[in-house]
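What follows is calculated from the coordinates using simple rules that are stated; it is not laboratory data. Nothing here was measured: the structure is a model prediction, and the numbers come from that model. Cβ atoms come from the backbone with ideal geometry, glycine included; neighbour counts cover every protein chain shown.
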Amino acid sequence: MDLSSLQDNALTTVLLCLAAYFGGSISSAILVCRVFGLPDPRTEGSHNPGATNVMRLGGKPAAALTLAGDVLKGVIPVLVAIQFDLGPLIAALAGFAAFLGHLMPIFFQFRGGKGVATAFGVLFALHWPTGLATGALWLGCFAITRISSLASMIAFVAMPVIIWFWLPAALAPMLLLSFTLLARHHSNIRKLLSGQELGFKKKETKEQQ
């Protein structure tokens with residue numbers, strides 16, 4: 001871990017992380033739903049302000065805009081850190097701050113999403129091979145189980161190992177991101193253990209009946 005870079009750029013790091021948190025607090029799902037005249041995603045569907053719930057409420061165009069916004073929230077602060085040559089540790093910290101803003105948005109009563117799309121944005125901007133490997137793991141798990149939450153949790157359990165192998169300087173913030181994402185999925189873990197977490201196709205079929 002490159003602590004010297006963190007010490008030399010302490011003020012810059014704090015300002016960048018604050019900006020990243022405030023940027024992450026802009027809820028793409030809530031704003032898109034308002035523009036499309038859809039219900040508040042925090043009160044309808046799964047009550048999660050994320051792209052999957054927006055798709056249930058308003059279809060693919062609204063979901064695509066939500067996904068793009070959530071991903072960009074993770075990408076932008078990391079690219080800013082890289083552009084100013086602040087090092088992978090500070091870039092990862094900025095990405096984690098954006099991820100935290102998505103989870104607990106100051107502009108929306110701290111009621112945010114689960115952060116998977118924003119986390120992927122952070123990963124791809126920070127180190128695209130890690131993003132690809134984690135994304136491939138997510139796709140493989142989803143293809144087998146059709147359960148998005150399970151695929152996300154498995155992918156981000158493996159992610160710190162992948163980042164440790166390729167970019168160890170960023171391990172601590174990415175490990176914290178992984179633990180936070182898993183904690184955010186606590187309700188999904190309970191449903192999985194009780195057998196109530198349905199696969200995507202089954203869930204959609206059930207909702208249409």
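Choose one of 194, 23, 112: the residue whose Cα lies farthest towards the positive end of the charge dipole of the chain (beta-carbon charges +1 Lys, Arg; -1 Asp, Glu; about the Cα centre).
Projecting each Cα onto the dipole axis, the largest value belongs to 194.
Would you mind checking which residues have amide H under 5 Å from residue 112's amide H? H placed 1.01 Å from N; only 5 or more apart, or other chain.
When sequence neighbours closer than 5 places are left aside, there are no close amide H contacts.
How big is D for the range 29-111, in µm² s⁻¹ as a whole number, if Stokes-Einstein is applied with the Kirkwood radius of its Cα pairs at 20 °C and 1.002 mPa s? All intermediate terms of the calculation are to be shown ahead of the outcome.
Numbers: Rh = 13.5 Å.
Taking Rh from Cα pairs, D becomes 159 µm²/s.
Checking a compactness column here: for the chain, what do you get for Rg(Cα) / (2.2 N^0.38 Å), N being the number of residues? Mind showing how you got there, number by number?
Details: Rg = 17.0 Å, N = 209, 2.2 N^0.38 = 16.8 Å.
Dividing the Cα radius of gyration by 2.2 N^0.38 Å gives 1.01.
Once phi is turned into ³J(HN,Hα) by the Karplus curve 6.51 cos²θ - 1.76 cosθ + 1.60 with θ = phi - 60°, what whole-Hz value does each residue of the range 70-82 show in order, with x for glycine and proline?
Karplus-based 3J(HN,Hα) across the range 70-82 equals 5, 5, 4, 4, x, 6, 4, x, 5, 5, 4, 4, 5 Hz.
With axes computed from alpha carbons, what is the tilt in degrees of helix 88-103 against the longest principal axis of the chain, rounded to the nearest 10 within 0 to 90?
On a 0 to 90 degree scale, this one is about 30.
May I ask you to derive the relative contact order of the range 3-208, considering only C-alpha pairs under 8 Å and at least 6 residues apart, and to give it as an integer percent? Walk me through the numbers on the way to the answer.
Details: 310 pairs, mean separation 39.1, N = 206.
After rounding, I find 19 percent.
What is the distance in Å between the Cα centroid of the range 68-104 and that of the range 140-181?
First find each Cα centre; the distance between them is then 17 Å.
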